[in-house]
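The values are calculated or read from the model by the stated rules, or taken from the named source; none is laboratory data. Predicted model, so just to flag it, every value in this text is computed and none were measured. Backbone-built Cβ (ideal geometry, glycine too); neighbour counts: all protein chains shown. Each accessible area value is taken on the protein alone, full model and side chains, heavy atoms only, with ligands, DNA and RNA left out. Shrake-Rupley method; radii C 1.70, N 1.55, O 1.52, S 1.80 Å.
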Amino acid sequence: MAGTGVFSEIIEGEVYKYYADGEWKLSSSGKSVSIVNPTTRKTQYKVQACTQEEVNKVMETAKVAQKSWAKTPLWKRAELLHKAAAILKEHKAPIAEALVKEIAKPAKDAVTEVVRSGDLISYCAEEGVRLLGQGAFLVSDSFPGNERTKYCLTSKIPLGVVLAIPPFNYPVNLAVSKIGPALIAGNSLVLKPPTQGAVACLHMVHCFQLAGFPKGLISCITGKGSEIGDFLTMHPGVNCISFTGGDTGVAISKKAGMIPLQMELGGKDACIVLEDADLDLVAANIIKGGFSYSGQRCTAVKVILVIESVADSLVEKVKAKVAKLTVGPPEDDCDITPVVSESSANFIEGLVMDAKQKGATFCQEYKREGNLIWPLLLDHVRPDMRIAWEEPFGPVLPVIRIGSVEEGIHHCNASNFGLQGCVFTKDINKAMLISDAMETGTVQINSAPARGPDHFPFQGIKDSGIGSQGITNSINMMTKVKSTVINLPTPSYTMG
Ligand code: G3H
C-alpha cells in the first residue's frame with residue numbers, strides 16, 4: 001500500500017514529505033497541497049507546500065552534490081541506476097496504486113507505467129556507458145591552410161543541475177525519462193512533480209534513495225505552481241530544464257535564462273486514412289491511439305482525416321469498437337476512466353458543445369458523470385469547429401471527411417502543433433511522400449502515434465516543443481562538448 005512498508009518514512013500523519021539533502025522533510029511553511037482523486041473528487045493525498053527558501057536550499061545542495069557525482073566513475077553511476085530500476089520494479093504495486101488514485105490511470109496501465117520506467121532507467125545506464133565512454137579525435141590538416149599540428153580531443157561533460165518537470169499523465173515515466181539521462185551524464189536533478197502524480201513521484205524518488213544515490217543529488221520539491229513555479233524555472237542555479245506539459249512550457253521558455261531547454265508541449269496528432277487502407281487495422285489503431293487512458297496522451301490520435309469514399313465504412317467500424325469500451329473507475333481497470341480534473345472535463349465538454357452547435361454528427365450520445373466522460377466519436381466535423389484544432393485531452397475524437405490527400409496534409413500542417421501524425425495506406429511510396437509532407441516530429445506509417453519504444457527519438461515542431469527526446473537524444477542534450485587541443489611545434493603524422 002502507498003506510504004507503508006519501506007515507504008513509511010516518506011509520510012508524516014496524512015501529509016507526504018518532500019525530499020532534499022538526502023532526507024524526507026516537512027516544509028517550514030506548515031502548509032500542504034491537496035491532491036483530489038479524479039474518480040471520487042475528494043482529497044486523496046496531501047503533499048508539502050514548499051517555500052522559495054526551501055527551493056534555494058535544494059539548489060545549493062544540488063550544485064555541491066553534482067561536483068562529486070561528475071567525478072564518480074561512469075560504471076558506478078550505471079550500477080546505481082540499475083539498482084534503482086530493480087527497486088522501482090520490486091515496489092511497483094504501491095506506486096501503481098498512487099497512480100490509480102491520483103490520476104485515475106487504469107490499474108493495469110499504472111503497473112505498466114512503473115515497469116516501463118524501470119526498463120527506461122536501465123536502458124539509460126546501458127546507453128550512457130557507451131555513449132559517454134567515447135569522444136572524438138580531430139586533426140587540423142583536414143581544414144584548408146592547416147598542417148597537422150593540432151590534435152583536438154572532445155568529450156561530453158555534464159551541464160550541472162537539471163530541473164525536471166513532468167506532467168500528470170505519466171508522472172513516473174516522464175520523470176524518469178529526464179532523471180535517468182541527467183544522472184548517467186553526471187548531472188544532479190531537481191524534480192518538481194505535477195500536483196496530481198506527486199505522490200507516485202515521491203515513491204519513485206524513494207527508490208533512488210534506497211538504491212544509495214548520494215545525498216543532495218536528487219531532490220523532489222512539491223508545492224503550488226503559483227508559489228514556487230516561476231521561482232524554480234527562473235532560478236539561477238538551474239542549468240537545464242526538461243519540461244513536458246501544456247502551454248505553460250511556452251511561458252517557461254520565454255522566461256528561462258541562457259540554458260538548454262527540452263520541451264514537449266502536446267499535439268493534435270492527425271490520422272490520415274487513404275482509400276486503400278486496411279480499415280480494420282485503422283479502426284483498431286484509432287481505438288488504441290484515440291481512447292487509451294481516455295485520450296489523455298500527448299501522442300493520442302486527435303483528429304481523423306479520412307477520404308470520403310471510405311469514411312462511412314471506417315466510422316461504422318470505429319463505432320462498433322467504441323461500443324465495446326468499458327467505462328468506469330480505474331480500480332476496475334476500465335478502458336475509459338474519469339479525466340484528471342473537473343476543469344479538464346468542463347473544457348472537453350465545451351469543445352463537444354461547440355461542435356454540436358455547429359452541426360457535427362454525434363456517433364454516440366454525449367454522457368458525463370462528474371469527471372467521467374463516455375467515449376465519443378464526432379463525425380462530419382468541419383474546420384470552423386474548435387475541436388478540429390484544439391487538443392481535448394479526453395475521450396472525444398473528431399472525424400473530418402476529406403476529398404483528397406492534399407486536403408488532409410493541409411489540415412495537418414495548418415495546426416499550430418506538430419508532434420506526431422500517422423498515415424494508413426498499403427502503398428509505401430504514397431506513405432513516404434505523405435510522411436515527408438507532414439510537418440510533425442514523427443509520422444507513423446500504419447500505426448497510431450506513440451512515443452515508445454523509449455530509445456526512439458521523440459520530438460515536436462512548432463508549438464509542440466523544443467529539442468528531441470528519447471534516451472540517446474536526452475543524454476546528449478543533458479551534456480555539453482568540451483574540447484582540449486594539443487598544439488605541436490611541428491607537423492606530426494602517425495607512422496609518417
Ligand atoms: O503524453 C505524452 C507522452 O509522452 C505520450 O507517451 O506515446 O507512450 O503514450 P505515449
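Here are the numbers:
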item	result
Residue within region 390-398 that is within 16 Å of the ligand (Cβ to nearest atom), among the acidic types (Asp, Glu), under 25 Å from ASN473 (Cβ atoms) and open to solvent by 10 Å² or more (accessible area, probe 1.4 Å) present	yes
Where GLY359 falls short, out of the listed (1) part of a loop (DSSP other than H, G, I, E, B); (2) surrounded by 14 or more Cβ atoms within 10 Å (Cβ to Cβ); (3) without any contact (Cβ under 8 Å) to a residue 24 or more places away in the chain	(2)
Answer residue from region 262-279, given it is farther than 20 Å from SER177 by Cβ and assigned to a strand (DSSP E or B) and is farthest from the ligand (Cβ to nearest atom) among those	VAL273
Residue match in region 215-237 (condition: open to solvent by 10 Å² or more (accessible area, probe 1.4 Å), in contact with an Asp or Glu (Cβ under 9 Å, 6 or more places away or on another chain) and more than 16 Å from the ligand (Cβ to nearest atom))	yes
Region 214-235, residues that are touching a residue at least 60 places away in the same chain (Cβ under 8 Å) and assigned to a loop (DSSP other than H, G, I, E, B)	PRO214, LYS215, GLY216, LEU217, ILE221, THR222, GLY223, LYS224, HIS235
VAL238 vs. criteria over 27 Å from VAL114 (Cα atoms) and outside any helix (DSSP H, G or I)	yes
Matching residues, region 95-108, being buried (at least 19 other Cβ atoms within 10 Å of the Cβ) and of a type outside the set (Val, Ile, Thr)	ALA96, GLU97, ALA98, LEU99, LYS101, GLU102, ALA104, LYS105, PRO106
For ILE466: the one exception among (1) within 16 Å of the ligand (Cβ to nearest atom); (2) open to solvent by 30 Å² or more (accessible area, probe 1.4 Å); (3) under 23 Å from ILE304 (Cβ atoms)	(3)
Region 280-336: number of residues that are more than 16 Å from the ligand (Cβ to nearest atom), touching a Phe, Trp or Tyr at 6+ places or on another chain (Cβ under 8 Å) and open to solvent by less than 20 Å² (accessible area, probe 1.4 Å)	2
Some residue of region 254-261 being more than 12 Å from the ligand (Cβ to nearest atom), open to solvent by less than 10 Å² (accessible area, probe 1.4 Å) and either assigned to a loop (DSSP other than H, G, I, E, B) or under 22 Å from PHE168 (Cβ atoms) (or both)	no
Candidates TYR19, TYR45, filtered to the one that is more than 20 Å from LEU217 (Cα to Cα), modelled with pLDDT of 95 or more, aromatic (Phe, Trp, Tyr) and assigned to a strand (DSSP E or B)	TYR45
Any hit, region 31-54, residues being more than 27 Å from the chain's Cα centre (by Cα) and not acidic (Asp, Glu)	yes
Wholly within region 116-211, strands (runs of 3 or more DSSP E) carrying at least 3 residues that are modelled with pLDDT of 95 or more and crowded, with 23+ Cβ neighbours inside 10 Å	161-165, 188-191
Qualifying position, being touching a strand residue (DSSP E or B) at 6+ places or on another chain (Cβ under 6 Å) and away from the ligand (no atom under 16 Å from the Cβ), among LEU80, LEU74, LEU163	LEU163
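Matching residues to (1) open to solvent by 50 Å² or more (accessible area, probe 1.4 Å); (2) more than 23 Å from TYR123 (Cβ to Cβ); (3) in contact with a helix residue (DSSP H, G or I) (Cβ under 9 Å, 6 or more places away or on another chain):
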| site | (1), (2), (3) |
| --- | --- |
| PHE417 | no, yes, yes |
| VAL423 | no, yes, yes |
| ALA431 | no, yes, no |
| VAL443 | no, yes, yes |
| PHE458 | no, no, yes |
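Yes or no, residue by residue, for (1) outside any helix (DSSP H, G or I); (2) more than 14 Å from TYR293 (Cβ to Cβ); (3) out of contact with any Asp or Glu (no Cβ under 8 Å at 6 or more places or on another chain):
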site	(1), (2), (3)
ASP312	no, yes, yes
LYS317	no, yes, no
LYS324	yes, yes, yes
GLU331	no, yes, yes
CYS334	yes, no, yes
PRO338	yes, no, yes
ASN346	no, yes, yes
